[in-house]
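Asker: Quick one: structure below, then a few questions.
The values are calculated or read from the model by the stated rules, or taken from the named source; none is laboratory data. Worth saying up front: this structure is predicted, and the values here are computed from it rather than measured. Every residue, glycine among them, receives a Cβ derived from its backbone with ideal geometry; neighbour counts consider all protein chains shown.
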Amino acid sequence: MYLSKSVANMNGARELAQLIQNPRRSRTIVVATVAGGQTLPWIDTVQIVEQAGDLVDVYLITTTDASWEFAKHMPEGAQVYGGAGRVYPVGEQYVVDNYASPLRMAFNTREGLEVTEQLISDALSKAFESGHSETAKEGLKPAGGVVKGIAAGRALVELDGRGYAFIAPELTLPGFAADELFIAKQRVDGILNPETNRLDVVGSLISQRIALGAYAIGDVVYALVHEVHQDSVAISLYPQVVDKAVTVHVPRDMVTGNSLDDLRDLLAAGDVVSARVYGIAPNWALVLTDIDDDEPISPIPSLLPSGPPWLKPPYVDVQEDTRIDDHDLGPNSRTVTNEPVLDQVPRQGRKLTEQLLLAIESKTAMATSLAEQVKSLGAHLEQAENDRELLRIELQDAKRKVNMVSSDLSKLRAKLRKSKTNNGVVREMPLFVDTEQGFRYLVLTKWAIRFPASEQKAKPPKDFTLGPKFLESLESVQGISKEKVADVVVEIITGIATELVGREVHRLREGAGGADRPVVREDGAMCWRASLQVGTSSARRIHYWILQGGNIEFSRVTLHDDFAP
């Protein structure tokens, strides 16, 4: 069983400061303090020990003198006192960068609960960084179960027939919260530490190769903007898990058609954007131009089997976590009261009566004055607590507004990119007397936009002809633009349409049944059907013939329920 160590005197405080600053120290240390005037800490060190005691050492400084002595012997900015807590990782980074070891402050029971969770998270993260993990321990055993939900930043797991365990996201994949790794009813398997009841699922993390294995050239996918420069942007397809992160560097001409655009005006780190894949592993390549709003998006991979997507699609507002009120804290919550101390005035005889009466009168007046001061200070304290609660509520409201504004800003940047990605500036298509020449020009333009010069030799367009009803159907079928039709024609004549799930390419049959014969023309040409739209009412389709020599003849644009060639 793991226990915290108490530090009550100045010698112990000096020794603790020396231990933390010892360059040979190999374990992370958590230090919590008791606030002045209190006998118990707001921070629950027992909970810290229960969840992280096998990986870190926990100390509680119980007196004000010891706290000040400890602070005196610690580097500036690395002290802890007054009811606060701090995690000291291995090494000296916390001295150089105080943010590597943030001070966690608590002023009441509720804040103590929050700070306890923060310190546990800090401790587990730092222990993981220093190389301490479950797999390095003995007495572990395989276990599995189903995630019941997320509580206190941990995944609660109902084990197969033997109770419950929890999973710490900090020991699974640092930088990701529990709700980004786990979801209710998710099956998890790993290694159980019976002493801490903690389940390690690191071995189940999905590698980049498997996570992105379903992506194909032409797919539209979601990706995370990592870093933006004036003329290029770094976009992450998958974070560092088993191997290094899959980050793709996209030049300006693959983001906007306007060579004068500053990409920092169009994108920001943290944006989730849609991009088209035009190069796969090991040489990933992406393009952000010429993506229609109604194009199907490939599913976002998860970091663990059956887990949530590692990215949230654009425009999903972040919800605030539910706060826990004091009355929900259970039997361990503490209420602090101040007991008045009354002095007893001794009576020693008649000679002292007059002096004592004067003294009593003086002390009574003083006590009355002090009582008024106490009452006044109590009122100020109550007002301060009320103000603090109001500030907390205002802070939550401000965070929600920041999330809303950030979402709006992301939407506006996306709209701006959309206006730019249509080849930078709005161009008027040249007018053709011959409508077939005009459509062929549009297809060729779309092909040149879709594939950069370096890819065009590998994706040449096949020769194609237009059937007698094609141009008429292009004009008569409403709800689909010529540009969209040209995009799909490009996919068909370059051979990538069959690789795109959203195109639903299949041979047209004489009936609706799967056993019906495919439609074949007298000259041996076979009729095929592809989706122009997915998930919309009367989704549009395109029918085309593949001739015996391999050339393509586009028959017509039609509706979902129209199966005539």
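Asker: Can you say whether Ile210 is among the hydrophobic types (A, V, I, L, M, F, W, C), surrounded by fewer than 16 Cβ atoms within 10 Å (Cβ to Cβ) and either touching a Leu at 6+ places or on another chain (Cβ under 6 Å) or not in a loop (DSSP other than H, G, I, E, B) (or both), as far as the supplied structure shows?
Answerer: Judged against the criteria, Ile210 is a match.
Asker: Could you tell me which numbered condition Glu436 fails, if it satisfies all but one of (1) of a type in the set (Asp, Glu); (2) at pLDDT 90 or above; (3) under 24 Å from Asn283 (Cβ atoms)?
Answerer: So Glu436 meets the others, but not (3).
Yes/no matrix, rows are residues, columns are (1) under 43 Å from the mean Cα position of the chain (by Cα); (2) within 30 Å of Gly213 (Cβ to Cβ):
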{"position": "Pro461", "(1), (2)": "yes, yes"}
{"position": "Gly479", "(1), (2)": "yes, no"}
{"position": "Ile496", "(1), (2)": "yes, yes"}
{"position": "Gly502", "(1), (2)": "yes, yes"}
{"position": "Arg521", "(1), (2)": "no, no"}
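Asker: If you scan segment 371-395, which residues turn out to be polar (S, T, N, Q) and at pLDDT 70 or above?
Answerer: Going through segment 371-395, the residues polar (S, T, N, Q) turn out to be 373, 376, 383, 386.
Across segment 371-395, the qualifying residues are Gln373, Ser376, Gln383.
Asker: Would you check which residues across segment 181-207 are crowded, with 20+ Cβ neighbours inside 10 Å and assigned to a helix (DSSP H, G or I) and list them?
Answerer: Leu181
Asker: Right, here's the next one. Mind counting the residues in segment 73-100 that are without any contact (Cβ under 8 Å) to a residue 60 or more places away in the chain and within 19 Å of Pro169 (Cα to Cα)?
Answerer: 2
Asker: Any chance segment 38-59 includes a residue that's among the hydroxyl-bearing types (Ser, Thr, Tyr), in a helix (DSSP H, G or I) and in contact with a strand residue (DSSP E or B) (Cβ under 9 Å, 6 or more places away or on another chain)?
Answerer: Among the residues of segment 38-59, at least one is among the hydroxyl-bearing types (Ser, Thr, Tyr), in a helix (DSSP H, G or I) and in contact with a strand residue (DSSP E or B) (Cβ under 9 Å, 6 or more places away or on another chain), which makes the answer yes.
Asker: State whether the residues of segment 492-514 include one that is among the aliphatic types (A, V, I, L, M), out of contact with any Ser or Thr (no Cβ under 9 Å at 6 or more places or on another chain), part of a helix (DSSP H, G or I) and surrounded by 15 or more Cβ atoms within 10 Å (Cβ to Cβ).
Answerer: yes
Asker: Considering each of Leu156, Leu173 in turn, give the residue that is without any contact (Cβ under 8 Å) to a residue 40 or more places away in the chain and either outside any helix (DSSP H, G or I) or among the small types (Gly, Ala, Ser) (or both).
Answerer: Leu156
Asker: Give the residues of segment 265-283 that are surrounded by fewer than 13 Cβ atoms within 10 Å (Cβ to Cβ) and either in contact (Cβ under 8 Å) with a residue 40 or more places away in the chain or part of a helix (DSSP H, G or I) (or both), sorted by residue number. Break it down into steps so the answer makes sense when it comes.
Answerer: Kept after step one, since they are surrounded by fewer than 13 Cβ atoms within 10 Å (Cβ to Cβ), are these residues of segment 265-283: 269-270, 281-283.
Those that are surrounded by fewer than 13 Cβ atoms within 10 Å (Cβ to Cβ) and either in contact (Cβ under 8 Å) with a residue 40 or more places away in the chain or part of a helix (DSSP H, G or I) (or both): Ala269, Gly270, Ala281.
Asker: Only residues in segment 451-474 that are of a type in the set (A, V, I, L, M) count as the first member; pair them with residues that are surrounded by 17 or more Cβ atoms within 10 Å (Cβ to Cβ), Cβ under 6 angstrom, at least 6 apart or cross-chain, and list the lot.
Answerer: Hits for this filter: Leu466/Phe554; Leu474/Val557.
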